[in-house]
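Q: Below you'll find the structure I mean.
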Amino acid sequence: MDVKTGFFYLFSLVLLFAAFRVITVRNPVHAVLYLMLAFSQASAVWLLLQAEFLAIVLVLVYLGAVMVLFLFVVMMLDLNMEGLREGFWKHFPLAALVGVVIALEMAYVLMGGFTGTRVAAAQGAAVQLSNTKELGILLYTEYLYPVQIAAVILVVAMIAAIALTLRTRKDTKFIDAGDQIHVKARDRMEIVKVVATRPAPPPAPAAAETAAPVEKKA
């Protein structure tokens, strides 16, 4: 076994361990940290497979932005873990069935995708094109419509999240955009003369006048 194969098995074992701990750990903050570890190991496996662009995107997007955001959100939210664990064993059979179906589908796709029929053609194309360019050509030619549909779904999900979290409060202050557009320079500041509500205090006496005389001793 060479060094590359050894690193592949090492990263894969750490990835499987981190993924298992994501769904078994009790603390949600620890689950997010294990998920970040799993993403880092997946990026390392992609580097071994010479998919540098995917590895860098995974580190920059998920580890650098999404996972950090999830971590701060989970840390700031006061989650009731006892309430979340209620009904776990009640829904466990259905969840296990869904997990088995997904695992079988992934195994079918992976086993059917590594038949070795297109290996030579792919290697010949990889000599002339880089990974980034080849991925961009596939995304914007053959998979253009799925990419556009995914973008629309993400936009709808973002709008739905904003609409669900938007709450009307009594102390909320609203600003009319029309008033802001038609505002003039002379309306921005107004000098008002304020009348004193009480007279000013008398000036304090000087220190020399208030000091007591000192007797001189012969």
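Q: Kindly check whether there is at least one residue in the range 94-114 that is surrounded by 10 or more Cβ atoms within 10 Å (Cβ to Cβ), assigned to a loop (DSSP other than H, G, I, E, B) and at pLDDT 80 or above.
A: No.
Q: Taking the range 26-61 as the region of interest, how many residues are surrounded by 15 or more Cβ atoms within 10 Å (Cβ to Cβ) and not in a helix (DSSP H, G or I)?
A: Total meeting the criteria: 1.
Q: Then there's this: Please specify each residue of the range 16-47 satisfying the condition of being in contact with a Ser or Thr (Cβ under 9 Å, 6 or more places away or on another chain) and under 27 Å from residue 136 (Cβ atoms).
A: 41, 45 - these are the residues of the range 16-47 that are in contact with a Ser or Thr (Cβ under 9 Å, 6 or more places away or on another chain) and under 27 Å from residue 136 (Cβ atoms).
Q: Does the range 73-93 hold any residues that are modelled with pLDDT under 75, part of a helix (DSSP H, G or I) and among the hydrophobic types (A, V, I, L, M, F, W, C), and which are they?
A: Once the filter is applied, which keeps residues that are modelled with pLDDT under 75, part of a helix (DSSP H, G or I) and among the hydrophobic types (A, V, I, L, M, F, W, C), the range 73-93 yields 73, 74, 75, 76, 81, 84, 88.
Q: Kindly indicate which of 193, 217 is modelled with pLDDT of 60 or more, among the basic types (Lys, Arg) and open to solvent by 70 Å² or more (accessible area, probe 1.4 Å).
A: 193
The values are calculated or read from the model by the stated rules, or taken from the named source; none is laboratory data. Only a predicted model underlies this, so the values are computations on that prediction, with no experimental measurement involved. Quick reminder, even Gly has a Cβ in these numbers, built from the backbone with ideal geometry, and neighbours come from all protein chains shown. Quick note on the areas: whole protein, heavy atoms, side chains included, nothing else; ligands and nucleic acids left out. Shrake-Rupley method; radii C 1.70, N 1.55, O 1.52, S 1.80 Å.
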